[in-house]
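Below is one structure, written out as structure tokens; the observations come after it.
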Amino acid sequence: MSNASEWAVRLKAFHEKQLDRPRRVYRLGRTKILLTRGHIACTLGAAFGAVSVDSPDWLFWVAAVGGFVGGKYFYPVPRSSVASPYGARELARKSPGDLDFMTPAEIRAYQFNVEFVQKGVTPLALGTEEALGRQREAVRTMSLATNTDAAMLAHLSLVDVKEHGRTADRHDLLNRRWLK
């Protein structure tokens, strides 16, 4: 029984982690049904799997519903989305300076939210691609300059990456001045 409870706890932890991962959300026509790409893939995969083994009609519908429910659990609408059932999110336009204070995950969540609400908006018009590019370039240069693994800096905002570089410079200065 403990194995089943451990499995359930791990499954719940996975679901919680998926709720925090930003992803693009789609609306099915004019209905209130919200879908993500993973959710769509689970539903279609289960349906195509049932059709490919030449199963009866009832098994196709069971597989399609199972894929739909599984997709809703494994690829849920994230908490950061404006379409999230966990509370309404305000959506205001961000300036490039505001985007520099956001982490890459927050920038992606902002981009997906604006694209969901305003259908004709591109990432270039939002400035999110430029902000992500500035952040990636800062991570690359700071990781080379400070001999730090780029993966450690990749989740930080542009401002935090620059502050990491300034802190590393101060650390080197103190080492040279006092510890040699």
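The values are calculated or read from the model by the stated rules, or taken from the named source; none is laboratory data. Small disclaimer: the values here were computed from a predicted structure and weren't measured. All Cβ positions, even for glycine, are placed from backbone atoms using ideal geometry, and neighbour counts span all protein chains on display.
Is one or more of the residues making up the range 7-20 under 22 Å from residue 123 (Cβ atoms) and either among the acidic types (Asp, Glu) or without any contact (Cβ under 8 Å) to a residue 60 or more places away in the chain (or both)? So far as the range 7-20 goes, yes, one or more of its residues are under 22 Å from residue 123 (Cβ atoms) and either among the acidic types (Asp, Glu) or without any contact (Cβ under 8 Å) to a residue 60 or more places away in the chain (or both).
For first residues located in the range 149-168 and under 15 Å from residue 104 (Cα atoms), partners that are among the aromatic types (Phe, Trp, Tyr) and not in a helix (DSSP H, G or I) and lie 6+ apart or on another chain with Cβ distances below 6 Å form the pairs 157/101; 159/101. Would you confirm whether or not the range 47-70 contains a residue that is within 28 Å of residue 126 (Cβ to Cβ) and more than 16 Å from the chain's Cα centre (by Cα)? No, that holds for no residue. Residues that are at pLDDT 85 or above, exposed (fewer than 10 other Cβ atoms within 10 Å of the Cβ) and not hydroxyl-bearing (Ser, Thr, Tyr) are absent from the range 18-32 altogether. Annotation: residue 107 fulfils all but one of (1) in contact (Cβ under 8 Å) with a residue 60 or more places away in the chain; (2) within 11 Å of the chain's Cα centre (by Cα); the unmet one is (1). Looking at 133, 127, just one residue is closer than 30 Å to residue 172 by Cα and either out of contact with any helix residue (DSSP H, G or I) (no Cβ under 8 Å at 6 or more places or on another chain) or not aliphatic (A, V, I, L, M) (or both), and that residue is 133. The residue of the range 120-138 that is nearest to residue 97 (Cα to Cα), among those that are surrounded by 12 or more Cβ atoms within 10 Å (Cβ to Cβ) and of a type in the set (Val, Ile, Thr), is 128. The residue that is nearest to residue 74 (Cα to Cα), among those in the range 1-17 that are at pLDDT 85 or above, more than 18 Å from the chain's Cα centre (by Cα) and of a type in the set (A, V, I, L, M, F, W, C), is 11.
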